[in-house]
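Here's the structure, in structure tokens; my notes come after.
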Amino acid sequence: MIKMEGVTKSFGSNHVLKGLDLEIARGTSMVIIGGSGTGKSIALKCILGLVTPDAGRITVAGGTSDRDAFLARFGMLFQGGALFDSLPVWQNVAFRLLRGSLAKPRAEAREIAIHKLRRVGLGADVADRFPSELSGGMQKRVGLARAIAADPEIIFFDEPTTGLDPIMAGVINALIREIVTEMGATAMTITHDMTSVRAIADNVAMLHDGVIQWSGPVADIDHSGNAHLDQFIHGRAEGPIQPLR
Amino acid sequence: MTILAAIGRSVLALLASVGRVFIFAVQALSHVVRPPFYHKELAAALLNIGWLSLPVVGLTAIFTGGALALQIYAGGARFNAEAVVPQIVAIGMVRELGPVLVGLMIAARVTSSIAAEIATMKVTEQIDALITLSTHPMKYLTVPRVLAALISVPVLVAVGDIIGVFGGYAVATGTLGFNPAAYIKNTVDFLEPLDIISSLTKGAVFGFAAALIGCYFGMHSGRGAMGVGAATKGSVEAAAMVILAANFVLTGVFFTL
């Protein structure tokens, strides 16, 4: 479904991606893990076309990435929610349904928005509030509702549990897993949170030093035999990954 | 040599910035004529830039017109030319002070708010979110604001001109002893169509520049609160300088060529 081959990206002398190879099969949930600054977000932005790779090839559903066609069947949950604070919640959720090629009548778009809000555990009373009136966990849920509003085939989750308490993080993880399974969507998640990894992932890829160090089914991460992955999932200071002190 | 090199680097950086703003302007204009069009965003921008700027424009104009009448009267008295107050207030407000002061007020009020809003959207990933929602930020954010400024600032300048002239009229007839009917007649008789055309043209150019610069600085802001602050400050400085420079050029084009 999504394939990255030999993708490189540098910013000046900082070589962030050094030949990234990654494949995400249709209908599966891939979680990319790795330390801060290892290029997880850059890899994601390369797929989205927000950052142009220096070299390599990215294909989506067999064809070289045509961004407009790709984005039309795509949804994303941003780390901070990235809700539009000038719009009420329901218009955030229905943003794509109120304009462009997927535009629907306003009443229908609102109805779909309220349905999606319910799907993520928020009542209709939230629809007319503004994002600044919501807690962090509620904003994350609204972001999730927006990501699934147009029933996308591909969903990206950028640090979905960052800044949330463990209970709310568990709720979001469960929602993501349910939604991905229910919709049959292809999902790619970036996270540091190992609880999220185990809850969300079908497959895991460990990114370090600009390349994928290990990838495989989530069931294998505890006995991968990969020193990078072992150090990361156990949070050890000693190992091949040199932490900045 | 070090000083020369530093000056050279600064000049090159300035020219590069001008080039980037020019390219940004061309891109914005190219999106004006290509669908989709965001009418609701345009209406919101017209309300914010046009309607909500009226109080500050009106107050600026009325005080400036009044002060201008007092200054011309006091200055004219030195060579027995007090009677020229209506004509000089009219020409001063319509040709220069109206458009320039409205332009600077727009730079202070609108450019800063556009830059801060878009920069905040950038640092909170709202711009990236727009892209992932198949919405071009240039079309959704820049075009409505630039179009709204292009339409509404000439109107604001016209309103500012009228209120400024009225401020001069109020002071002249209220405290300086001018005859109201004669004041209005002198004002109307003295103004020429070119004065009004130049005033409105300046308004359109200043409005376009003010909104465009706000959008440019917002879209190119750095990270975090410092980035938003720097974008806001830089946008107001740049807009004010561009407005004053453009005013000089346009005055030359209209009245000396």
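Details
- In region A:37-63, residue farthest from A:Thr189 (Cα to Cα) [restricted to those that are touching a Ser or Thr at 6+ places or on another chain (Cβ under 8 Å) and within 14 Å of chain B (Cβ to nearest Cβ)]: A:Gly49
- Extreme residue, modelled with the lowest pLDDT, among residues of region A:60-93 that are of a type in the set (Asp, Glu) and under 24 Å from A:Arg26 (Cβ atoms): A:Asp66
- Pairs where the first residue, in region A:121-146, is more than 19 Å from A:Asp165 (Cβ to Cβ) and of a type in the set (D, E, K, R) and the second is modelled with pLDDT of 95 or more and part of a loop (DSSP other than H, G, I, E, B), C-beta under 8 Å, 6+ apart: A:Asp128/A:Pro88; A:Arg129/A:Pro88; A:Arg146/A:Leu83
Residues are listed down the side, and each one gets a yes or a no for (1) in contact with a strand residue (DSSP E or B) (Cβ under 7 Å, 6 or more places away or on another chain); (2) among the hydrophobic types (A, V, I, L, M, F, W, C); (3) at pLDDT 95 or above; (4) not in a helix (DSSP H, G or I):
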position	(1), (2), (3), (4)
A:Arg198	no, no, no, no
A:Trp214	yes, yes, no, yes
A:Ile221	yes, yes, no, no
A:Gly225	no, no, no, yes
A:His228	yes, no, no, no
A:Gln231	no, no, no, no
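- Residue count for region A:99-115, restricted to those that are touching a helix residue (DSSP H, G or I) at 6+ places or on another chain (Cβ under 6 Å) and either small (Gly, Ala, Ser) or within 14 Å of chain B (Cβ to nearest Cβ) (or both): 3
- Of all residues in region A:70-82 being within 12 Å of A:Gln139 (Cβ to Cβ) and over 11 Å from the mean Cα position of the chain (by Cα), the one that is nearest to the other protein chains (Cβ to nearest Cβ): A:Ala82
- Whichever residue in region A:83-98 is touching a Lys or Arg at 6+ places or on another chain (Cβ under 9 Å) and at the interface with another protein chain (Cβ under 7 Å from one of its Cβ atoms) and, among such residues, is nearest to A:Arg129 (Cα to Cα): A:Phe95
- Test: residue in region B:154-169 that is out of contact with any helix residue (DSSP H, G or I) (no Cβ under 7 Å at 6 or more places or on another chain), within 30 Å of B:Ala77 (Cβ to Cβ) and not in a loop (DSSP other than H, G, I, E, B): yes
- Close Cβ contacts (under 9 Å, 6 or more residues apart or on different chains) running from residues in region B:111-137 that are more than 9 Å from every other protein chain (Cβ to nearest Cβ) and among the basic types (Lys, Arg) to residues that are surrounded by fewer than 20 Cβ atoms within 10 Å (Cβ to Cβ) and not in a helix (DSSP H, G or I) comprise B:Lys122/B:His220; B:Lys122/B:Arg223.
- Restricting attention to region A:112-143, the residues that are outside any helix (DSSP H, G or I) and farther than 21 Å from A:Phe157 by Cβ total 5.
- Any chance A:Ala109 is farther than 20 Å from A:Gly80 by Cα, in contact (Cβ under 8 Å) with a residue 24 or more places away in the chain and surrounded by 21 or more Cβ atoms within 10 Å (Cβ to Cβ): no
- Residue within region B:220-232 that is surrounded by fewer than 22 Cβ atoms within 10 Å (Cβ to Cβ) and of a type in the set (S, T, N, Q) present: no
- Qualifying residue in region B:179-191 (condition: surrounded by 24 or more Cβ atoms within 10 Å (Cβ to Cβ), over 30 Å from B:Ile213 (Cα atoms) and in contact (Cβ under 8 Å) with a residue 60 or more places away in the chain): no
- Of residues in region A:206-234 being in contact (Cβ under 8 Å) with a residue 24 or more places away in the chain and out of contact with any helix residue (DSSP H, G or I) (no Cβ under 8 Å at 6 or more places or on another chain), the one surrounded by the fewest Cβ atoms within 10 Å (Cβ to Cβ): A:Asp209
- In region B:205-257, the residues that are β-branched (Val, Ile, Thr), assigned to a helix (DSSP H, G or I) and within 30 Å of B:Val94 (Cβ to Cβ): B:Val205, B:Ile213, B:Val236, B:Val242, B:Ile243, B:Val249, B:Thr251, B:Val253
The values are calculated or read from the model by the stated rules, or taken from the named source; none is laboratory data. Computed from a prediction, not measured in an experiment: that's the story for all the values here. Ideal geometry is used to build each Cβ from the backbone, glycine not excepted, and the neighbour counts take in all protein chains shown.
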